[in-house]
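*Asks:* Below is the structure I would like to discuss, written out as structure tokens.
The values are calculated or read from the model by the stated rules, or taken from the named source; none is laboratory data. If you're wondering where the values come from, they're calculated on a predicted model, not measured in any experiment. Here the Cβ is made from the backbone with ideal geometry for all residues, glycine too, and neighbour counts use every protein chain on show.
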Amino acid sequence: MRLEVDIASKTFKSAAGEQHDVIAGVAFTLDAGEVGVLVGPSGCGKSTMLRILAGLDHDFQGRVSRPAGARIGFVFQEPRLLPWRSVEENVRLVAPLANEAKLSALFEILELKAHLNHFPGELSLGLARRVALARAFAIEPEFLILDEPLASLDVALAARLRDEIAMLMGGRSVITLLVTHDVDDAVRLGDRLFLLSPRPAQILADLPIRTPRGERGDAEIAAIKLDIMRRINGTPAKRDAS
Amino acid sequence: MPRLLSFAVLLATWWIGSLFAGDAKLPPPPTVLTVMIAEARSGDLFFHLGVTLARVTLAFTLAMSLGAAIGYLMGRVRLADRLGDPWLILLLNLPALVVIVLAYIWAGLTEVAAIAAIAINKLPTAVVTLREGTRALEAALDEMATVFALPRWKKFRHVILPQLSPYIAAAARSGLSLVWKIVLVAELLGRPNGIGFEIGVAFQLFDIPLLLAYSLSFAAVVLLIETLLVQPFEARLSRWRPRAA
């Protein structure tokens, strides 16, 4: 099972009729069990790319081949829960065939046990994200997409949720694609990092991390981060397209 | 308790009013109550109420289901909206009386004509409300349902219907009040029974106690249905909303 992406270009017309280039050449492949991370500045077209990969947007130049009929788990940036259904119903609705024991373990890991009967409007953003994560993992996805799952959370909460995500990703052979603007999260969670340029997005570098996720020491993480920072700042941003 | 109080105020105003206007123009509450009891004893009151309620139920159900379907279609499909819009504006502004009279002329003084005329009067408001609701559907939730491959029926039931339910409730609420008003006109003009017919008879005989007895019984039934059926239904639909302080 493999994800092959080759997006030559993606443009959209604004309401005023101007054309904007969002993506200008992004190509990569991901195998099952690999966690790819798209790292790039805010507004560089990452979310647009995810919508294309999830099959929500077909209006682009290029080709995306997903495993046929793959179950997609998507954790949207804003959690997109159904406000009129309880936490438990939100999860069960998309995963009617989920195994009870696995579901229970999932709620346990994400600390949702106490909130199963709450409505999403009663939850903090951190909890709502957890529900969105539970929903995505509950369907036992073959292709998992996480769009900035840790954005707008305070540092301690983000770190905890990151560990929970790492725990859930471990031991699954899923094609995972994570989008973040936070280099630290990228290095701690990813197996392969794709550094993106500002809009229109291009891949500046494709950095594999060989050490397994659990065994990365602080020194190694710091070294990789330094390398990334150097690459990002060393490459002049391309802004001539506008 | 405040409800009871406002009811008492209404009753008192009526009574005082009848003292000033005289029994002939505005009979006091006890006179009307006597007539009401007499009509109820003979069974006439319940018969006419039942007939009117049956017409309301039929016309309301017909208009709501048809109106919701058309409104949803017009909200989703641009072409349907373009095609349907002129008709909608025409129907919205057509006086109820015109529809009722034409229905009786074309279809005869029949039950079908009466119910169709009432339904046609209510239909356009249901269409307009549901069209607005459909236009306001969240694209973000639609995408979520698509990515997670929710089956069509499940998506409709859990994603779309809850978003439309405030609009459906609004259409039902305003539609019901419209139907309450129009059904009596339709009965007055071309039916041999129902509250509207009885009011017509009372009008011709200038029997004001009879007129008030039927009108008030009808109003009581409307009030009962609104408080016992419509309001609890609305409360149930919005139970997920955080309560306003």
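*Asks:* Looking only at region B:178-199, decide whether some residue is in contact with a helix residue (DSSP H, G or I) (Cβ under 9 Å, 6 or more places away or on another chain) and closer than 23 Å to A:Asn90 by Cβ.
*Replies:* Looking for residues that are in contact with a helix residue (DSSP H, G or I) (Cβ under 9 Å, 6 or more places away or on another chain) and closer than 23 Å to A:Asn90 by Cβ, one finds none in region B:178-199, hence no.
*Asks:* Only one of these conditions is not met by B:Ala113: (1) farther than 20 Å from B:Leu237 by Cα; (2) free of Cβ contacts under 8 Å to residues at least 40 places away in the same chain. Which number is it?
*Replies:* Going through (1) farther than 20 Å from B:Leu237 by Cα; (2) free of Cβ contacts under 8 Å to residues at least 40 places away in the same chain one by one, B:Ala113 breaks only (2).
*Asks:* How many residues does region B:76-97 contain that are exposed (fewer than 14 other Cβ atoms within 10 Å of the Cβ) and not in a helix (DSSP H, G or I)?
*Replies:* Residues in region B:76-97 being exposed (fewer than 14 other Cβ atoms within 10 Å of the Cβ) and not in a helix (DSSP H, G or I): 2 in total.
*Asks:* A:Ala15 versus (1) within 14 Å of A:Leu146 (Cα to Cα); (2) of a type outside the set (S, T, N, Q); (3) more than 14 Å from chain B (Cβ to nearest Cβ); (4) in a loop (DSSP other than H, G, I, E, B): which is the lone unmet condition?
*Replies:* (1)
*Asks:* Out of all the residues in region B:28-39, is one or more touching a residue at least 12 places away in the same chain (Cβ under 8 Å), outside any helix (DSSP H, G or I) and not aliphatic (A, V, I, L, M)?
*Replies:* Among the residues of region B:28-39, at least one is touching a residue at least 12 places away in the same chain (Cβ under 8 Å), outside any helix (DSSP H, G or I) and not aliphatic (A, V, I, L, M), which makes the answer yes.
*Asks:* Cβ contacts < 7 Å: first residue among the acidic types (Asp, Glu), restricted to region A:90-117; second residue surrounded by 13 or more Cβ atoms within 10 Å (Cβ to Cβ), any location; separation 6+ or different chain. Result?
*Replies:* A:Glu111/A:Arg130
*Asks:* Okay, moving on. How about region A:111-141: which of its residues are farther than 17 Å from A:Phe76 by Cα, more than 13 Å from every other protein chain (Cβ to nearest Cβ) and surrounded by 20 or more Cβ atoms within 10 Å (Cβ to Cβ)?
*Replies:* A:Leu112, A:His115 - these are the residues of region A:111-141 that are farther than 17 Å from A:Phe76 by Cα, more than 13 Å from every other protein chain (Cβ to nearest Cβ) and surrounded by 20 or more Cβ atoms within 10 Å (Cβ to Cβ).
*Asks:* Would you kindly identify the strands (runs of 3 or more DSSP E) lying entirely within region A:30-97 that contain at least 3 residues that are within 14 Å of chain B (Cβ to nearest Cβ) and surrounded by 21 or more Cβ atoms within 10 Å (Cβ to Cβ)?
*Replies:* Values: elements: A:35-39, A:61-65, A:72-75.
In region A:30-97, A:72-75 are the strands (runs of 3 or more DSSP E) which contain 3 or more residues that are within 14 Å of chain B (Cβ to nearest Cβ) and surrounded by 21 or more Cβ atoms within 10 Å (Cβ to Cβ).
*Asks:* Name the helices (runs of 4 or more DSSP H) wholly inside region B:127-214 in which the number of residues that are more than 14 Å from every other protein chain (Cβ to nearest Cβ) and within 30 Å of B:Ala24 (Cβ to Cβ) is 2 or more.
*Replies:* Correct list: B:161-190, B:195-205.
*Asks:* Condition first: in contact with a Phe, Trp or Tyr (Cβ under 8 Å, 6 or more places away or on another chain), at negative phi and of a type in the set (Gly, Ala, Ser). Can you find one or more residues in region A:81-89 that meet it?
*Replies:* Within region A:81-89, one or more residues are in contact with a Phe, Trp or Tyr (Cβ under 8 Å, 6 or more places away or on another chain), at negative phi and of a type in the set (Gly, Ala, Ser).
*Asks:* If you don't mind, there's one more thing I want to ask. Output the residue which, of all residues in region B:180-237 that are polar (S, T, N, Q) and under 21 Å from the mean Cα position of the chain (by Cα), is modelled with the lowest pLDDT.
*Replies:* Of all residues in region B:180-237, those polar (S, T, N, Q) come to B:193, B:204, B:215, B:217, B:227, B:231.
Retained after the next criterion (residues that are under 21 Å from the mean Cα position of the chain (by Cα)): B:193, B:215, B:217, B:227, B:231.
Working: B:Asn193: 92, B:Ser215: 91, B:Ser217: 91, B:Thr227: 84, B:Gln231: 80.
Here the answer is B:Gln231.
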